[in-house]
Ligand SMILES: Cc1ncc(COP(=O)(O)O)c(C=O)c1O
């Protein structure tokens, strides 16, 4: 009897078959990985051309602030360019401790723990806290890093239920399904990253208390924008005490790289001694941490920056609404223009780029078909002429492509 052995499929077949990016490039419509030559904040230089940056998360414009740069340079001179190890072992310097203390104080929580990115922060919290027999309760529009963190927890035996985006009736429905004795963690963005919409935190907190759930809010896009002195979503609603865990990133308002979690002492202590993404990854560089120490001082001492970024974003939002564009609901520093067509989104992006306006194109797989959009975001350091240019180019191209009439 002869046995036919099927030829093993080459693992790389999917790579050889992946042609979409090359096809889009061939049409001159590829919007990603554009190399920036120089970055002043609101204006960037690409290929010898100046463009208004209307897609950065540098919300307060602090990456270009001389005080922030000087702080990083001073830290490099004192500690070198890397800690060359994890926080756990030899990678903790005084600056990490100083920043943890200052952030705990700023966010009005007992303790803070730093991570090397916001992405790793979610991975340090969710799979560490939610274990076999326990439940993650997740908004369907949560950031991809929270989704990835949840998948890690599921791999280790945790369970997950998801509720429709920011829909509190649906949240209650899924909470009711969880076995009464099982621990549960509600996970939500504070400000949703694609739309800029704010979570319905008062209702989320009410349900969490009713169904005995703990809460983690990822406030990546909220800090510096909403809340008292830019303290983010829990502060915006006066619910800092009620939100058990607040996490965020340094890659947006804080003008650096890294992540943080703030919570009560015992929770931080547990994460600190059990989170693989902390224990097995090198600590944030001295330069990154020193930049945040400087931006935190600026956020605290210059509240007018928060007012300015909100005013700048409102100005563009009003301009685009008046022109007839469909915008996703937001009152934060994000203005997302719905295009609802993949090719039109890419054409629109390309035309804006050629006209000197740099925004983000959101297409599949980042968003579902029919939800393709151009996401813009603004800085405290944008001037009126930059904002007017964005509005004017959007209107001209929008009419040309039939997005508005
Ligand atoms: C809501 C949210 N969480 C986490 C992250 C990840 O942060 P980081 O860039 O520090 O990895 C982002 C970044 O886009 C984000 O928008």
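Taken together, the values in this text are just the output of simple stated rules run on the coordinates, not laboratory data. Here the structure is a predicted model, which is why all the values come from computation and not from measurement. We place every Cβ from the backbone using ideal geometry, glycine too, and count neighbours over all the protein chains shown.
Dimensions of region 181-276 along the principal axes, based on C-alpha atoms and rounded to the nearest Å, stand at 41, 33, 23, largest first.
Residues considered: 45, 112, 15. Largest GNM mean-square fluctuation over the chain, using C-alpha springs under 10 Å, is found at 15.
Taking only Cα atoms and a 10 Å spring cutoff, compute GNM fluctuations for the chain and point out the largest among 168, 247, 343. Fluctuation is largest for 343. Extent of region 65-301 along its three principal axes (Cα atoms, max minus min coordinate, largest first): 56, 35, 29 Å. Taking the average, over residues, of other Cβ atoms within 10 Å as the packing measure, peptides 36-44, 372-380 rank 372-380, 36-44 from highest down. Each peptide in 182-192, 390-400, 115-125 receives the mean, over its residues, of other Cβ atoms within 10 Å, and ordering these scores from highest gives 115-125, 182-192, 390-400. Subtracting the Cα-Cα distance of residue 50 and residue 282 from 0.36 nm times their residue separation leaves 79.9 nm of extension gain.
Shown is the FRET efficiency for residue 383 and residue 97, computed with R0 = 51 Å from the Cβ-Cβ distance and rounded to the nearest 0.05: 0.85. Averaging over all projection directions, the Cα-based convex hull of region 276-405 occupies 10.6 nm² in the image plane. Taking 7 Å steps out from each Cα toward its Cβ at residue 81 and residue 265 produces label points 4.0 nm apart. For the modelled label position 7 Å from the Cα of residue 34 along Cα-to-Cβ, which residues of region 365-402 have backbone nitrogen atoms closer than 17 Å? Label zone hits: 373-379, 386-398.
Residues 165, 382 in ascending order of nearby Cβ atoms (within 10 Å, fewest first): 165, 382. Between 306, 34, 342, where does the largest GNM mean-square fluctuation fall for the chain, given springs only between Cα atoms within less than 10 Å? Most flexible of the set in this elastic network: 34. Taking a ≥ b ≥ c as the square roots of the Cα gyration tensor eigenvalues, the chain comes out rounded, since a/c falls below 1.5. In the chain, the DSSP-assigned H stretches of four residues or longer account for a calculated mean residue ellipticity at 222 nm of -12500 deg cm²/dmol, using -39500 (n - 2.57) per stretch and the full residue count as denominator.
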